[in-house]
Structures are given as C-alpha cells and as structure tokens.
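Following: one structure in structure tokens, then a few remarks.
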Amino acid sequence: MSSVPASLYLRSILKLGKFTIALPVALTGFLGYFLHTPLLDKDAILVIFGVFLLSMGSGAINQIQERKTDALMDRTRNRPIPAGIIHYKHAIIISLAFSLSGLVLLLFTGEYMAAGIGLFTLFWYNGVYTPLKRITAFAVFPGALIGALPPLIGWTAAGGSPLDLEIVLVAFLLFVGQMPHYWLLLLKIGSQFRDAGMPVITNLLEPRQIRNLSFIWIAATAVVVTMLPVTPIMENRLVSAILILLTIVFMIRMFRLSFRGDLMQHWKKAFITVNLFYLVIILALIANKILEMNIY
C-alpha cells in the first residue's frame with residue numbers, strides 16, 4: 001500500500017464509498033428536510049453530510065461484501081479492493097469511519113428517529129439487499145426501499161413524522177423510480193452478473209420483456225408524478241404545469257428510445273434520461289416549497 005500515491009488513495013476512498021451515488025442520496029435527504037422546514041440551517045447541513053457519510057459507509061461495506069464477485073466483472077474489477085489499491089481490512093476501518101460519522105451527525109440534529117432510520121437503511125442495504133442479490137434475481141424489489149428512506153431521514157430530522165402523508169408520497173415516488181433505473185442497468189450489464197455467478201432476471205426474461213417491464217415502471221413513475229399537483233406536496237400552479245409538461249416530454253422520449261429501434265443501442269441515452277428526470281422532480285419539489293413559503 002505504501003507504493004500507492006496519496007492522491008490515488010484518496011480518490012480510491014471516494015470510489016470505495018460510491019461518491020457519485022452518495023451525492024444524489026444526500027440531495028434526497030436534504031429534500032426531505034427542506035419540504036418540512038424550508039431553511040438551509042445547521043440541522044439541514046447536518047442532514048446533508050450525515051446522509052452523505054452514511055451512504056458512503058454503506059457503499060464501502062457493500063464493496064467489502066462483494067469484493068470477490070467485483071473481481072469477476074469488467075464493470076467492477078477496477079474498484080479499489082479488487083484492484084489492490086485498498087486492502088479489504090483497511091476498507092473495513094474506512095467504512096466504519098464513514099458510517100459512524102454519518103450516524104453521529106444525524107444524532108446531532110436532536111431527532112433520534114432520523115438516526116434510527118439511517119441505521120435501518122444501512123442494515124437493509126448491507127444486511128438484507130446485498131445478501132439477497134446472491135439468492136434471487138428479484139432482490140431489486142426489497143432493495144428499492146433503500147432509495148425511499150433518505151427523504152424520511154431528512155423529514156424526521158426536521159421534526160416530522162415518518163408517517164406524514166407528504167413525505168410518504170415522496171418516498172413512494174423514489175421507490176417506484178428505482179425500478180426503471182435497475183431494469184435499464186440490467187439490459188447493459190446483466191450478462192456480467194450472470195458470469196459472476198449471480199442470479200439475474202436476464203436468465204428468465206428476454207431483453208424485449210425486460211424492456212417492456214422497464215417501460216411499465218417508467219409509466220408508473222410518470223403517473224405518480226402527475227398526481228403530485230393534486231396533493232398538498234405541490235400546490236404552485238406554475239411549477240405543477242412545468243412538471244406535467246416535462247413528464248409528457250419524458251414519456252415521449254422514453255417511448256421513442258424503448259420502442260423505436262434497439263434499446264440496447266440507445267441504452268445510455270435512456271439511462272441518463274431517467275436519472276435526469278428524477279433530478280428535475282427533486283428540483284421541482286424544492287422550487288414549489290420556496291415559492292410556497294415566499295422565500296426568494
């Protein structure tokens with residue numbers, strides 16, 4: 001390890017924690033907080049960094065758990081542990097540091113429920129979803145719960161109840177949104193999972209069927225989004241109109257990518273479109289709250 005340049009090691013630590021995934025996860029945590037308390041105050045900062053570090057810790061634990069299968073797949077063989085940049089024993093220390101730091105920051109909000117949901121998220125991802133991936137090709141369904149929990153962390157950190165209808169709707173929207181993301185990813189790398197000895201849906205379904213399933217979940221996402229303006233979660237007419245228009249554009253684009261030509265050929269465009277659409281939804285929810293509270 002002494003031969004590894006410090007800059008490479010630091011970049012590898014970020015890669016170990018799945019930095020690019022932890023950032024949007026932290027954004028959804030902030031979304032939950034902001035929807036309840038539209039302020040960028042001390043507790044909001046604690047939520048952002050707490051969720052970010054907790055996500056980094058969970059991602060690092062996941063790479064420790066999957067280091068052997070990661071070494072077998074082209075997509076993951078260059079990750080820090082299989083590449084030999086970070087020893088898995090060191091990765092354990094790093095993952096614990098990330099996870100504990102995130103939990104402590106959430107505890108500093110004074111809302112222990114937020115830290116409790118954070119700890120449950122960590123357990124569900126690493127203790128339930130990750131082992132299930134080795135057992136069943138349908139692990140995505142319980143796994144999608146993970147994407148729904150960060151907004152609940154932020155909401156409860158702001159003093160809300162995790163059972164409040166407003167945040168339950170947001171959590172459900174993010175739960176549904178995990179599905180097209182996963183199905184599209186399978187179209188691209190399903191064969192790599194299979195070669196690594198993991199059960200994948202591509203062993204049971206043809207690419208055409210996976211495409212259809214993916215589009216069904218895309219359509220379900222669009223339906224949930226168009227329902228937002230008739231709920232207390234989005235009351236600004238301008239934001240609602242823009243979001244509905246963008247949802248129609250999104251559906252047209254995804255239909256063209258999915259059913260005109262080979263989806264595999266347009267996989268990257270479809271994957272980026274789905275993720276950008278979810279970013280738009282998050283920004284629309286934040287914009288609605290800002291306009292609602294007359295914060296300029």
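A short reminder: the numbers here are calculations on the coordinates, not readings from a lab. As the structure is a computational prediction, the values presented were derived from the model and not from experiment. Neighbour counts run over all protein chains shown; Cβ positions are idealised from the backbone, glycine included.
Descriptive notes on the structure:
- Whether the stretch 80-153 is rounded, prolate or oblate, judged on the alpha carbon gyration tensor where a/c under 1.5 counts as rounded: oblate
- Listed by Cβ neighbour count within 10 Å, with the fewest neighbours leading, 172, 49 appear as 172, 49.
- Kyte-Doolittle mean at least 1.0, axial Cα span of 27 Å or more - DSSP H helices of the chain: 42-65, 88-107, 165-195, 237-259, 267-292
- Extending 7 Å from Cα along the Cβ direction at residue 104 and again at residue 292 yields two label points whose distance is 3.5 nm.
- The slack between residue 134 and residue 235, meaning 0.36 nm per residue of separation minus the straight C-alpha distance, is 32.0 nm.
- Measuring r between the beta carbons of residue 88 and residue 252 and using R0 = 41 Å, the FRET efficiency lands at 0.30.
- Cα-Cα over 22 Å, subset of 18/133; 68/89; 18/68; 15/289; 68/269: 15/289; 68/269
- Global form of the chain, assessed from the alpha-carbon gyration tensor, a/c cut-off 1.5: oblate
- Packing, as the average of other Cβ atoms within 10 Å across residues, places the peptides 26-34, 214-222 in the order 26-34, 214-222, highest first.
- What the Cβ-Cβ distance of residue 212 and residue 279 gives, at R0 = 25 Å and to the nearest 0.05, is a FRET efficiency of 0.50.
- Cross-link reach list, aspartates and glutamates versus residue 268, counting only Cα pairs under 18 Å and skipping chain neighbours closer than eight places: 74
- Multiplying the residue separation of residue 226 and residue 260 by 0.36 nm and removing their Cα-Cα distance gives an extension gain of 9.8 nm.
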